[in-house]
Amino acid sequence: MACIKSAHRAALTALAPDAPYLAAGTMTGAVDLSFSASANIEIFRLDFQSDSTDLPILASAPSPDRFNRLSWSRPGAVEGDSFALGLLAGGLSDGSVAVWNPLSMISSEGKAEDAMVARLEKHTGPVCGLEFSELTPNRLASGAEQGELCIWDLKNPVEPIVYPPLKSVGSHAQAEISCLSWNPKFQHIVASTSSNGMTVVWDLRNQKPLTSFSDSNRRKCSVLQWNPDMSTQLIVASDDDNSPSLRVWDVRKTISPVREFVGHSKGVIAMSWCPYDSSFLLTCSKDNRTICWDTVSGEIISELPASANWNFDLHWYRKIPGVIAASSFDGKIGIYNLEFSGLYATGDAVGAPVRPRAPAPKWLKCPTGASFGFGGKLVSFHPVAPTQGAQTSTSEVHVHNLVIEQSLVSRSTEFEAAIQNGDKSSLRALCEKKSQEYLTRREKPGAS
């Protein structure tokens, strides 16, 4: 699978939810060929109409420090047309969170460096956990050292509100928060995972942990994601080379993982669940592999081309299904289309057993349809609402009898009878009959 667009940056990325833009922030620890120590936030246009493979840059602004995480909110975080593209937040190495107005950055009316609307200072160490809520886009969660979790209300970004910081203690105690994620169904639920292997699910209404869990080895956790469809399940991965598997947990019973995905040979760095089809999960690892999983079967269904260095950041593009952005330590941001990657069959060696093809993605399926048949019949199908906890969807098929013109129905029935047994003599007789009927009509007075 070839890279369809790219930019030469060693940067973390965030994709605009409702616009063709990609933000890139200089990654902490990355060194370019010029050995520059500067930190920048940039916005690129995702122009798929152009034949050029280079991502055109629209705006660039200096950042107070380098980035550990980048998140772009949905529109509606702040009221007013001046924030029509939402907010862009970066978790920085100095413990602060910088917030920009992306519309101001790309606008020709002002300077990009003046687009920073807030700098949130509450943490004492690098901010590695950062994410805007999908359900309430004005709320931003941030996590850093000592397991401290902060919830910010950015409805008025000039005067942000921070709720009392949450910190786990006792059996729930976390070390440095490495990743956090909002529940896709319940706006008051947030999960965070940490470098000491502890994952905590927080209840923001009651300002306390709902549950916590870890595996028996207390492996260092690097990333977690909620299942987009099943609100009680999340997946946690580790960047420990001795334990590179992905484990699915159900928060209702955290004694042991529900299942485990094994495919990487070294620690997992980043992960992204497909917003269009929850059966597709992307992961990248220190083994230089970027894998697309079928979460239903647990099989590997596709893979990005291997590079000299591993990818460290992954995102699905919400505007076009199957398009992803990946950042690598080669100093490259690449845009790929999984539909051109052999998504439905992996590239096995010659002579290897043929494996069944993966199911088609949901975005390629036709949810409803209809077709006319002989005899005035109409066949239609439509999806049925799945029951709670169901992994697959079902459809219903209906056959309707449509009698619009009786003569048309009788002619259709007569034609079906003539061709039913494949007897040419019956079809020849029908043709002769119709020819004679036509001649008879022509001979009648007034016929044309």
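Data for the structure
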{"quantity": "Wholly enclosed strands (runs of 3 or more DSSP E) of the stretch 2-73 bearing at least 3 residues touching a residue at least 40 places away in the same chain (Cβ under 8 Å) and touching a Pro at 6+ places or on another chain (Cβ under 7 Å)", "calculated": "none"}
{"quantity": "From the options V223, V200, residue that is among the β-branched types (V, I, T) and in contact with a Pro (Cβ under 6 Å, 6 or more places away or on another chain)", "calculated": "V200"}
{"quantity": "Residues of the stretch 107-133 satisfying the condition of being modelled with pLDDT of 90 or more and surrounded by fewer than 17 Cβ atoms within 10 Å (Cβ to Cβ)", "calculated": "R119, E121, K122, G125"}
{"quantity": "Which listed residue, of S425, S395, S407, is at negative phi, modelled with pLDDT of 80 or more and over 49 Å from the mean Cα position of the chain (by Cα)", "calculated": "S425"}
{"quantity": "Selection count where residues are touching a Ser or Thr at 6+ places or on another chain (Cβ under 7 Å) and part of a strand (DSSP E or B), scope the stretch 98-138", "calculated": "8"}
{"quantity": "Residues within the stretch 94-113 that are of a type in the set (D, E) and either farther than 28 Å from L46 by Cβ or without any contact (Cβ under 8 Å) to a residue 40 or more places away in the chain (or both), tallied", "calculated": "2"}
{"quantity": "Selection status of W152, over 27 Å from G267 (Cβ atoms) and not in a loop (DSSP other than H, G, I, E, B)", "calculated": "yes"}
{"quantity": "Filter result (over 28 Å from the mean Cα position of the chain (by Cα) and either in a loop (DSSP other than H, G, I, E, B) or at pLDDT 95 or above (or both)) within the stretch 163-174", "calculated": "Y163, P164, P165, S168, V169, A173"}
{"quantity": "Filtered residue count, the stretch 365-386, keeping only those that are loosely packed, with under 12 Cβ neighbours inside 10 Å and of a type in the set (S, T, Y)", "calculated": "2"}
{"quantity": "All positions within the stretch 185-224 that are surrounded by 17 or more Cβ atoms within 10 Å (Cβ to Cβ), modelled with pLDDT under 95 and not in a strand (DSSP E or B)", "calculated": "S195, G197, M198, S214, D215, R219, K220"}
{"quantity": "Candidate set: the stretch 121-162, residues that are touching a Phe, Trp or Tyr at 6+ places or on another chain (Cβ under 8 Å) and among the hydroxyl-bearing types (S, T, Y); chosen: the one farthest from L70 (Cα to Cα)", "calculated": "S133"}
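Yes/no matrix, rows are residues, columns are (1) without any contact (Cβ under 8 Å) to a residue 12 or more places away in the chain; (2) of a type outside the set (K, R); (3) over 15 Å from M271 (Cβ atoms):
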position: Q146; (1), (2), (3): no, yes, yes
position: K185; (1), (2), (3): no, no, yes
position: W202; (1), (2), (3): no, yes, yes
position: N217; (1), (2), (3): no, yes, yes
position: Q225; (1), (2), (3): no, yes, no
position: I235; (1), (2), (3): no, yes, no
position: D241; (1), (2), (3): no, yes, yes
position: R247; (1), (2), (3): no, no, no
position: T254; (1), (2), (3): no, yes, yes
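The values are calculated or read from the model by the stated rules, or taken from the named source; none is laboratory data. Given the structure is predicted, the values throughout are model-derived calculations rather than measurements. Ideal geometry is used to build each Cβ from the backbone, glycine not excepted, and the neighbour counts take in all protein chains shown.
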